[in-house]
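Enquirer: The structure under discussion is supplied below as structure tokens; questions concerning it will follow.
The values are calculated or read from the model by the stated rules, or taken from the named source; none is laboratory data. These numbers come from a predicted model, not from an experiment. Positions of Cβ are generated from backbone atoms using ideal geometry, with glycine treated the same way; all protein chains shown enter the neighbour counts. What goes into the accessible areas is simple: the full protein's heavy atoms, side chains included, and nothing from ligands, DNA or RNA. Shrake-Rupley method; radii C 1.70, N 1.55, O 1.52, S 1.80 Å.
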Amino acid sequence: SVTLFGVVDAAYEHVSGSALAGSVNGLVQGANSSSRLGFRGTEDLGGGLNAGFWLEAGLNNDSGSGANTSANNQTSQNSGGGLTFNRRSTVSLAGNFGEIRLGRDYTPSFWNDTIFDPFGTVGVGAATNATIALGGANGIQTTVRSSNSIGYFLPGNLGGFYGQAMYAMGENSSNATAGGFDTSKNGNVMGGRIGYANGPLNVAASYSQTKIAALDNYKKANIGVSYDLGVVALMAQYNQEKLGAPGAFGAEKNTTWLLGLNAPVGPGNIVASYNRAKFDNNAVKADQYALGYVYNLSKRTALYGTYAHVKNNGTSANVTAGALAGNAGASGVIGSSNGFDLGLRHTF
Amino acid sequence: SVTLFGVVDAAYEHVSGSALAGSVNGLVQGANSSSRLGFRGTEDLGGGLNAGFWLEAGLNNDSGSGANTSANNQTSQNSGGGLTFNRRSTVSLAGNFGEIRLGRDYTPSFWNDTIFDPFGTVGVGAATNATIALGGANGIQTTVRSSNSIGYFLPGNLGGFYGQAMYAMGENSSNATAGGFDTSKNGNVMGGRIGYANGPLNVAASYSQTKIAALDNYKKANIGVSYDLGVVALMAQYNQEKLGAPGAFGAEKNTTWLLGLNAPVGPGNIVASYNRAKFDNNAVKADQYALGYVYNLSKRTALYGTYAHVKNNGTSANVTAGALAGNAGASGVIGSSNGFDLGLRHTF
Amino acid sequence: SVTLFGVVDAAYEHVSGSALAGSVNGLVQGANSSSRLGFRGTEDLGGGLNAGFWLEAGLNNDSGSGANTSANNQTSQNSGGGLTFNRRSTVSLAGNFGEIRLGRDYTPSFWNDTIFDPFGTVGVGAATNATIALGGANGIQTTVRSSNSIGYFLPGNLGGFYGQAMYAMGENSSNATAGGFDTSKNGNVMGGRIGYANGPLNVAASYSQTKIAALDNYKKANIGVSYDLGVVALMAQYNQEKLGAPGAFGAEKNTTWLLGLNAPVGPGNIVASYNRAKFDNNAVKADQYALGYVYNLSKRTALYGTYAHVKNNGTSANVTAGALAGNAGASGVIGSSNGFDLGLRHTF
């Protein structure tokens, strides 16, 4: 009754451009689908009830290492590459009422980032190079997932409507303070997402808030829509991240939007997106263009290639293409960066 | 021939009380049964012999992280949350003679702590909040498990008698010294346990010693008994921890005892315990009361709730209820603490 | 379609001798076969093509911890004992053309070290106590495996000829410098291996190079041969490690050779080797003698014992026998060391 599942995806990646100090070549994980190893199972409890668990670990299969998680939604737990079930680690009770899920899980507002991105937020073309830039720049640990969470999911029989809510805890003492701030609620997350999927249409909106006293809290709202015309599926998303106080780059707001498509061509799919991001103080102001082809060798295995170009117009903190861009060094000047992935993805 | 097994148990926990600086809310793992993921298997070698392995990792499923172990029984190996087979990691050869087991395994004297505690040493009601307080306060790494161990277990056909012995090694150089002490034997563990289980009765006694030169060694002895009357199973245990020299709190001895019960009621069980602990110098002097109900949804899945109250009468180093108590801060004053867990446990 | 596999091997080990400050006893992992836990699978893609993945984690089953890997082939990633798939972490595409393999895998030149060593480079008798001494002494991370690698393997139908090539990347920026060196290529690995196996004969040669600017690169070349006479299989290997500049011990070259045998005797095998190593500046100059017996309880399970003696004639940096030798302290004087393992190995 236990299912062992996963993805091992590796790609040769090259990143260059004037926004970088140099260029870099390397092998990266998950440029088409994030590599992972997981264990999950369900138990029928009778009367429409069932229990289930889901343990899913991120995998840096270029080196065999695992990924960090956060115990308190405030700081990263540096595992030095030891395997953790950072992607999802939950126990659930589900029935006609929906599902109650406890543990570490996706923050509701991340789903629109990834579902309405033709690149699924991975590889050089990931929309999240820009859409979680304000959160990332300020060390927010909950842009993608939250630990210590209690989640509720609507049941699946609502005529296409779906939705979820999450409350997650930072687990601080009620009298915690730091730097003159009441930090007792730091790392607490509240969020929800509601959508409608029917035939070719899928549309969803979400909102989440993470308490961080020194930044007067981090808020993220977005909306996404996709429509499948058969010859091509079109998608769009609009995202806003906000802090109540100026963060690391003096910015309080990040606005991003994306237009994308996924078109079946031959034995695979063409995927493309245009993505624009802007901090309210122009520290980040970037356009990203990405184009890829996924050649399916089977339902489980694919070869793929992706090219992305980022054009920065901001004053600093440039957006760059791809996981290896950090290795090549941010130049600190306005400029562009380019990246491509050539990879093999295998799902099991 | 490999079995994948585990427990994913998550609970909402709240801890408060005058012995704490504040209160705290959070999600904790394993408040009914410690969360874990394991792999085990056996091979029939013929002639009554069999070989087996057991790899069992602790799981902080509230954040997806793993747990620390100790390579040398002297210091904790901080894995930063990377998964380790800290719970058990052994290879065995078994036959009519009993079983030889090599690797990391439970220190024999821990078994009475957990088997004769209606709360199984987990959650806010765990007897070990107090029974391994002297060991924990002095950084003893072997109160629960020992690495580098060679274990022997009596065969199962002795008319109800059972027993085991363990020798574990700290792996120091024969000429190791530190702070003027001969530390060559630090981390060496010797221990044994013997018991008798027949019908409603189970009784066992154990003793273990861990060499730590600066503390003139750590010794633990205990005895436990349970008797199942059908409508209720009663249990009791008596524990003593000793150091040869005053430890971190000036104490050399910790005495604890417990009275507990487990009664099937409706589709579940009521569990309750009264637990008293005392350092010889009164630095810890605490009474713990715990009450819980486990509602079985199936043999593998349960909802549960536990409430515990600790009343401290000592001079410092107060005992507190629950895994999150540390987050709420120890007050350093004599006082009480309360905790409750509301959780879901799923076994696979 | 996923196979769970592994080895749990534990041995009591004792190491002593004049080349050590003291002696030491302990429990070690993998003295007959390295302990591991792995997940692998293949998928038939039709037309002779198949895809596969392989995730294999090293296991310190004496304490339950995992092992370190390296993200960039230049520095060790200290996982604090968290599990990593450090042994192998690859995704592959194979067909009539051979196999393309991406991820972390064995450096080609390691294969001759282990295949032509009767002790398979593990336990007190491991030839690699000496054969990768120059690489180890200079912190080379790629003596055994390389991360970020692209490998190619010849197909299996070449009449006994086999071969492989690897290119691995250090993932540095093209303008990276450190200490006056151009370090842009540090951690890049190129290597290949070619061999011929037919009937009783197996012979192979390999070469690999790891770019490390400050040491003017690390190079390793070796050749190994084995011939199975039936009553005994004989083997020999010759290894050379080279740096372009004097390393940590002022040495630029290490030459090692080995003569070994593996003879089926009774229900098991006698294994023996003689191994000689020499740094060009005599900092290491050692002879190692090793003798063991592996008693097979089944195809998967064995009891074993190994004894090794190392005689150092160098000026410093002595070679010592066994994984625990480090715990016993290197004496810094010319001398000998002895070690033995008594263990149980179980494969699943």
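Enquirer: On the full set of protein chains, 1.4 Å probe, figure out the accessible area of B:Asp280 and give it in Å² to the nearest 10.
Expert: My reading of the accessible area for B:Asp280 is about 70 Å².
Enquirer: Report, in deg cm²/dmol and to the nearest 500, the calculated mean residue ellipticity at 222 nm for chain B, where each DSSP H run with n ≥ 4 adds -39500 (n - 2.57) and the sum is divided by the residue count. Can you show the working numbers first?
Expert: Numbers: 4 runs with 19 residues, N = 348.
Mean residue ellipticity, 222 nm, calculated: -1000 deg cm²/dmol.
Enquirer: Kindly tabulate the residues in the stretch B:321-348 with an accessible-area decrease of at least 40 Å² between the chain alone and the assembly of all protein chains, using a probe of 1.4 Å.
Expert: Listed by number, the residues meeting the 40 Å² cut-off are B:Asn327, B:Leu344, B:His346, B:Phe348.
Enquirer: About its Cα centre, what dipole magnitude does the protein assembly as shown give when the only charges are +1 on Lys and Arg Cβ and -1 on Asp and Glu Cβ, stated in debye to the nearest 20?
Expert: Numbers: 63 positive and 57 negative charges, 35 e Å.
Here the size comes out at about 160 debye.
Enquirer: What is the dipole size for the stretch C:1-150, taken about its Cα centre, with +1 at each Lys and Arg Cβ and -1 at each Asp and Glu Cβ, in debye to the nearest 20? Each step should come with its number before you reach the end.
Expert: Numbers: 7 positive and 10 negative charges, 48 e Å.
Magnitude of the dipole: close to 240 debye.
Enquirer: Indicate the gyration tensor shape class of the protein assembly as shown (rounded, prolate or oblate), computed on the Cα atoms with a ≥ b ≥ c the square roots of the eigenvalues: a/c under 1.5 is rounded; otherwise a/b larger than b/c is prolate and the rest oblate. Before the final figure, lay out each step's value.
Expert: Details: a/c = 1.58, a/b = 1.00, b/c = 1.58.
Oblate is the answer for the protein assembly as shown, as a/c is 1.5 or above yet b/c matches or exceeds a/b.
Enquirer: Using alpha-carbon pairs under 8 Å, 6+ residues apart, how would you state the relative contact order of the stretch A:165-264 in percent?
Expert: On the way: 226 pairs, mean separation 18.3, N = 100.
After rounding, I find 18 percent.
Enquirer: Further, regarding this structure: Roughly how much of C:Trp111 is accessible, in Å² to the nearest 10, using a 1.4 Å probe?
Expert: 70 Å²
Enquirer: Still on this structure, I have one more. Show which lysines lie in cross-link reach of C:Lys311 when reach means a straight Cα distance below 22 angstrom and same-chain residues fewer than eight apart are skipped.
Expert: Reachable lysines: C:Lys253, C:Lys278, C:Lys285.
Enquirer: If you don't mind, there's one more thing I want to ask. Among rounded, prolate and oblate, which fits the stretch A:2-347 when a ≥ b ≥ c are the square roots of the eigenvalues of its C-alpha gyration tensor, a/c under 1.5 means rounded, and a/b larger than b/c means prolate?
Expert: Details: a/c = 1.44, a/b = 1.08, b/c = 1.33.
Rounded is the answer for the stretch A:2-347, as its axis ratio a/c remains below 1.5.
Enquirer: Let me ask you something else. Express the carbon and sulfur contribution to the solvent-accessible surface of the stretch B:120-196 as a percent, rounded to the nearest whole number, probe 1.4 angstrom.
Expert: Numbers: 1670 of 2800 Å².
Carbon with sulfur: 60 percent of the solvent-accessible area.
Enquirer: Hey, with R₀ at 22 Å, roughly what FRET efficiency would A:Val265 and A:Phe5 work out to, going by the Cβ-Cβ distance, to 0.05? Before the final figure, lay out the partial values.
Expert: Numbers: r = 28 Å, r/R0 = 1.29.
It comes to 0.20.
Enquirer: Same structure again: Express in Å², to the nearest 10, the accessible area of C:Phe39 obtained by rolling a 1.4 Å probe over the protein heavy atoms while all chains stay in place.
Expert: Here the residue's solvent-accessible area equals roughly 10 Å².
Enquirer: Please report the spacing between the Cα centers of the stretch B:284-323 and the stretch A:79-107 in Å, no decimals.
Expert: 25 Å
Enquirer: To continue, here is another question. Can you tell me the FRET efficiency between A:Asp182 and B:Ile194 if r is taken as the Cβ-Cβ distance and R0 is 51 Å, rounded to the nearest 0.05? Don't skip to the answer; put the middle values down first.
Expert: On the way: r = 55 Å, r/R0 = 1.08.
Efficiency for this residue pair is about 0.40.
Enquirer: Which order do B:Ser76, A:Ser35, B:Ser23 take by accessible area at a 1.4 Å probe, largest first? Write down the numbers at each step before the final one.
Expert: On the way: B:Ser76 60, A:Ser35 0, B:Ser23 35 Å².
Descending order: B:Ser76, B:Ser23, A:Ser35.
Enquirer: Further question on the same structure: What net charge do the residues around A:Ala168 carry, taking every other residue with its C-beta under 12 Å from that of A:Ala168, with Lys and Arg at +1 and Asp and Glu at -1?
Expert: Working: positive: A:Arg101, A:Arg104, A:Arg145, A:Lys185, A:Lys211; negative: A:Asp105, A:Glu171, B:Asp62.
After counting each charged neighbour, the total is +2.
Enquirer: Chain B: which residue's Cβ hugs the B-to-C rotation axis most tightly, distance rounded to whole Å?
Expert: Closest to the axis: B:Gly82, 1.
Enquirer: Could you order peptides B:190-200, C:330-340 by the average number of other Cβ atoms within 10 Å of their residues, highest first? Write out the running numbers ahead of the final one.
Expert: Numbers: B:190-200: 16.2, C:330-340: 19.8.
Result, highest mean first: C:330-340, B:190-200.
Enquirer: While we're here: With every protein chain present, what is the per residue accessible area of the stretch A:1-57 (1.4 Å probe, Å²)?
Expert: 29 Å²
Enquirer: At A:Pro264, label 7 Å along Cα→Cβ: distances to the other copies, nm, ascending?
Expert: Relative to the other copies, A:Pro264 has label-point distances of 5.6, 5.6 nm.
Enquirer: Also: For A:Tyr152 and A:Thr75, compute 0.36 nm times the residue count separating them, minus their Cα-Cα distance, and round to one decimal in nm.
Expert: Details: separation 77, 0.36 × 77 = 27.72 nm, distance 2.50 nm.
Computed gain between A:Tyr152 and A:Thr75 is 25.2 nm.
Enquirer: Can you grab the distance from the C-alpha centre of the stretch B:15-68 to the C-alpha centre of the stretch A:5-37, Å, no decimals?
Expert: 34 Å
Enquirer: Ok, one more. Give the relative contact order (percent, whole number) for the stretch C:57-322; include only Cα pairs under 8 Å separated by 6+ residues. List each step's numbers first, then the result.
Expert: Numbers: 727 pairs, mean separation 38.9, N = 266.
Normalised by residue count, the contact order of the stretch C:57-322 is 15 percent.
Enquirer: On to the next question. What are the nm distances, shortest first, from B:Ala245 to its equivalents in the other copies, labels at 7 Å along Cα→Cβ?
Expert: Shortest to longest, the spacings are 4.8, 4.8 nm.
Enquirer: Let me ask you something else. Which of the aspartates and glutamates could a cross-linker bridge to A:Lys242, judged by Cα under 14 Å and excluding same-chain residues fewer than eight apart?
Expert: Result set, ordered by chain and number: A:Asp216, A:Glu252, A:Asp280.
Enquirer: Dipole size in debye (nearest 20) for the stretch C:57-322 around its Cα centre, Lys and Arg Cβ +1, Asp and Glu Cβ -1?
Expert: Numbers: 18 positive and 13 negative charges, 22 e Å.
Here the size comes out at about 100 debye.
Enquirer: Please work out whether the stretch C:187-287 counts as rounded, prolate or oblate from its C-alpha gyration tensor, where a ≥ b ≥ c are the square roots of the eigenvalues and a/c under 1.5 means rounded, while otherwise a/b larger than b/c means prolate and anything else oblate? Each step should come with its number before you reach the end.
Expert: Values: a/c = 3.62, a/b = 1.79, b/c = 2.02.
Cα axes put the stretch C:187-287 in the oblate bin.
Enquirer: Next question, about the same structure. Given the C-alpha centroids of the stretch C:248-277 and the stretch C:191-212, what is the distance between them in whole angstrom?
Expert: One Cα centre to the other: 17 Å.
Enquirer: Label-to-label distances across copies for C:Ala197, with labels 7 Å out along Cα→Cβ, in nm, shortest first?
Expert: List, nearest first: 4.8, 4.8 nm.
Enquirer: Count the net charge of all other residues whose Cβ sits under 13 Å from the Cβ of C:Gly326, scoring Lys and Arg as +1 and Asp and Glu as -1. Working shown, then result.
Expert: Numbers: positive: none; negative: B:Glu171, C:Glu13.
Charge balance in the 13 Å sphere: -2.
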